[in-house]
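The values are calculated or read from the model by the stated rules, or taken from the named source; none is laboratory data. The structure presented is a predicted model; accordingly, all values stated were derived computationally and were not measured. Ideal geometry is used to build each Cβ from the backbone, glycine not excepted, and the neighbour counts take in all protein chains shown.
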Amino acid sequence: MVSSAIPGTGRFARGLHPDDKKSISAGAGIEVLPTPKSVLIPLLQHIGAPCEPAVKPRAEVRLGQAVGEAKAFVSAPVHASIDGKTAAATVTTLPNGRHVAAIPITAAEEQSLSGQALWEDIYGGQWPTDGLGSFDPEQIVTAVRSAGLVGMGGAAFPTHVKLTPNEKRPVDTLVVNGCECEPYLTADHRLMLEAPAPIITGALLAARAAGAERIIVAIEDNKPDAAEAMAAAAEGTPVQVAIVQTRYPMGGERQLIPAVLGREVPTGGLPLDVGVVVVNVATAAAIARAVIRGKPLTHRVVSVTGEGINQPKNLLVPLGASYAELVAFCGGLADSAGRVIAGGPMMGFALAELDVPVTKGTSGVVVLTEEQLRRAEQTACLRCGRCVDVCPAGLVPTKIALAARHQDWETARRYYLTACFECGCCAYVCPANIPLVQLIRTGKATMPKE
């Protein structure tokens, strides 16, 4: 049963409700992308230290074999997503512009898993909800770390770090994030509909590892079918499925926690400071697979959508596959295509080329048309205050952005530049068309450290 009995109101302060455009791909069932001829596995797909190569060039590797070793605590290993042969390490550019080392793998003629068999191996079959107390918390954390799990909602923070118990900051609640608030994206929606069982199992395991007594799956009210599917899978377990308001950016931890629990995460703090751990639904499913089946993260579901793609789809793809492969499988770009975005249109990055690998944090590929990109000319700030009205962090975006533009670091710090999480609400409503998010993002990268 879907419950309305949560401590919070199901809402958060400010934010906005853009046209979500989810109907473009929400009805498209998940398809398995055919094995590409090659993949490129970046050694940095997460927040933290990059991996070190664990294989030599021209080595035969199997699906799931570690090809990058994580030696730092805040890091995550990476694994081969296909059977094949490695080549010499190279450098690739991620959508955020960062240059990272990567391991190329050329696919073998025969793959151990593909098509429906691959889907069944990752998400199919039985997922236990009883007897999970036999798994020791340390055992769960170790399995999660070895599997290379990170936040799959986009942040890509190593999951084992979140789940490692902290005596000074005990956890009482695990929130499973099924909001998927970014416009267009439907990968999590489809996963909740088509594979709810491993999400519930993963949530139970994550809660045991973190020491949380309460588990709440939060889903926006524009996905009632997903809520019903999750509630059915959770029947007979302590997992509670709760509906929250459809409002952007509900998927952000600092918005979701107040909405669900009525607790405010302090500026500069973490969910742990208020006794909460948040994991994405795809991450929860990956936790179940890592612990129950001993399998690492090698694939993820990605939405390929937007008015500029010929056949919008939701795809199960191997990590390291190129965006070009995904676009081609979806019928290619429409004649009207104007821009390809990695992620959603609010927080994603525009791609200069499609020869870029899918990573653990890739939730979608959105193709916008030329008509959608037409904007009025940028003008001076009107002092209208709209950016302040919608900022979910309670900041003054125009002050921060203009301080960053003029490298006025004292002002930027005074108005909490680093507290901005770049959700894009301010730029969305700005009548002067100032690129507020880009200015703030650049400011973070260039501001001298104190």
Any idea which of P7, P34, P57, P50 is closer than 30 Å to G251 by Cβ, at pLDDT 95 or above and either in a loop (DSSP other than H, G, I, E, B) or touching an Asp or Glu at 6+ places or on another chain (Cβ under 9 Å) (or both)?
P50
Just one of (1) touching a residue at least 12 places away in the same chain (Cβ under 8 Å); (2) of a type in the set (G, A, S); (3) outside any loop (DSSP other than H, G, I, E, B) trips up G268, so point out which.
(3)
Check on L315, at pLDDT 95 or above and within 30 Å of I41 (Cα to Cα):
yes
Lone unmet requirement of (1) closer than 18 Å to A286 by Cα; (2) part of a loop (DSSP other than H, G, I, E, B); (3) small (G, A, S) for A117
(2)
If we scan region 146-156, do we find a residue that is more than 15 Å from V279 (Cα to Cα), among the small types (G, A, S) and in contact (Cβ under 8 Å) with a residue 24 or more places away in the chain?
yes
Residue in region 302-339 that is surrounded by the fewest Cβ atoms within 10 Å (Cβ to Cβ), counting only those that are assigned to a loop (DSSP other than H, G, I, E, B) and free of Cβ contacts under 8 Å to residues at least 40 places away in the same chain
D335
Between residues in region 231-242 that are touching a residue at least 60 places away in the same chain (Cβ under 8 Å) and residues that are in a strand (DSSP E or B) and among the hydroxyl-bearing types (S, T, Y), which pairs lie under 9 Å by C-beta distance while being six or more apart or on different chains?
A231/S3; Q240/S3; V241/S3; A242/S3
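For region 350-405, which fully contained helices (runs of 4 or more DSSP H) count at least 2 residues that are basic (K, R) and either under 27 Å from the mean Cα position of the chain (by Cα) or under 30 Å from P42 (Cα atoms) (or both)? Before the answer, list the steps.
Details: elements: 370-373, 386-390, 397-405.
The helices (runs of 4 or more DSSP H) meeting that bar number zero.
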I want to confirm something. Restricting to region 14-53 and keeping residues that are under 30 Å from A101 (Cβ atoms) and of a type in the set (G, A, S), which single residue is nearest to the chain's Cα centre (by Cα)?
G48
